[in-house]
Structure formats: C-alpha cells, structure tokens
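To keep things clear, I will list the structure first and then write my remarks on it.
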C-alpha cells in the first residue's frame, strides 16, 4: 500500500506550495469573492490555509487559476487538492496524480467530543466544523477506504451528512460509509442541498438543530 506519510522532500515541497498559494489568495478578487459566497471569512480561509494558484510551482501548472486546498495534519501538509472557481469547463477538482485517498481536516479527530461528522468534500467539512460540529471530509465515493473506519471507533455518534444536490451520489457515499461504521447515523440534507449550501441558506444553528446537537 502506498505510504500516507510524504517523504521529507515532498513535505517540504507541499509546505512551500501551500505558503506560496496562501500569499497569492489576497491578490485574486475572484477567489476571495468565491470563498465569501461559500460562507468563508478571511480568518476562516487563513485557518485552513486556503490559497489561489497564480504562479504554480513545477508540477502544479494544470492548477493555475484554481483554489488550493491543503490537507493539514500535525505532521504538516500531506497533500493539496485544487478546486475550480465556480462553474465552467474542465474538472471541478484536481488531485495530485497517484496520490492515495486521505482524510481532510484530520484535526477534527483530535477534538474532545463524543460525536463527529463525515462529509463528502472539503468545503462541506469546513461548513460543518464552522457550525460547531467536528467534521472530516472525504473526496467522493471512491476516496473512502475501509481502513478509515478505525478512526471512528469510540464515538457515541458518527453523523454522515449526505448531500442531496444535483450530483446524485450523496446517499451512495453515505451508505457505503455507514456499512463500515457501527455507530453511524445517516443524515441527508434537504433536497437540492449539500452541507455548505444548507448552512448558507438556513444558518449554522439549523445544522445543529437538524442533528439535535446542543451548542
């Protein structure tokens, strides 16, 4: 199995790339506006070290003009995914070729809590976390690996927040994950919504109320 821990040279490259793209974010009005539309303040974007690829490092040329979404852990940046700004042509996301699937916002696993949420996608994980629910993100159905389930033992409840937007894979993702986590609770979003759009439409408290979690 491919190692999930980057070697020192790769970790150094990932840190350099993350720092560069962080610095370029403020110089892109379109990127800043896009994040605002997703409900992210400058402080929130900074805490997740989100960036914008204006001058890509070698190997990241295909990500020019995209957001950078680093996967942060206690050991540093383990990978970076890239997100297109809004709708348009080409793939919405780009991953590093050959990179193994990883858990986004792994810091949530270290939060003292009897519950945690699993979301399909990085921005949904951010939205749930900002709402007050420790949440991790998985980059789609195929990115869930059975060994991830070990991370969720001991929780009273593991909420799987299923998208109900036009992609149509939310319940497929939720059911696949729930099969492997005994204390899982599938919570579908209302029709037409993913976690991020639900929080934008109804507020953070509405997500807590939906899961009957007291702030």
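Read-outs: derived from the displayed coordinates by stated rules, not from any lab. A quick note: this is a predicted structure, and the numbers were derived from the prediction, not measured. Backbone-built Cβ (ideal geometry, glycine too); neighbour counts: all protein chains shown.
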Taking the chain as a Gaussian network, Cα atoms linked when under 10 Å apart, which of 50, 109, 161 shows the biggest mean-square fluctuation? 109
If the elastic network links every pair of Cα atoms under 10 Å, which of 12, 75, 149 fluctuates the most in the Gaussian network model of the chain? 75
Cα centroid separation, the range 1-79 to the range 127-177 (Å): 22
Please report the Cα spread of the range 83-143 along all three principal axes, rounded to whole Å, starting with the longest. 41, 25, 16
If neighbour count is taken as other Cβ atoms inside 10 Å, put 159, 202 in order from fewest to most. 202, 159
Tell me the mean residue ellipticity at 222 nm calculated for the chain from its helices only (DSSP H runs of n ≥ 4, each -39500 (n - 2.57), averaged over every residue, nearest 500). -9000 deg cm²/dmol
Based on other C-beta atoms within 10 Å, arrange 160, 186 from fewest to most. 186, 160
Does anyone have the angle between helix 8-25 and the longest principal axis of the chain? Alpha-carbon axes, 0 to 90°, nearest 10? 90
Could you work out the relative contact order of the chain? I mean the mean sequence separation of Cα pairs under 8 Å and 6+ apart, divided by the number of residues, in percent. 14
Here the alpha-carbon Rg of the range 106-210 over 2.2 N^0.38 Å rounds to 0.96
Shape call for the range 8-94, from the Cα gyration tensor axes a ≥ b ≥ c (a/c under 1.5 means rounded, otherwise prolate when a/b beats b/c, else oblate), comes out oblate
May I ask you to derive the FRET efficiency for residue 54 and residue 183 from their Cβ-Cβ distance with R0 = 45 Å, giving the value to the nearest 0.05? 0.55
Looking only at 105, 196, 55, which one moves most when the chain is put into a Gaussian network model with springs between Cα atoms under 10 Å? 55
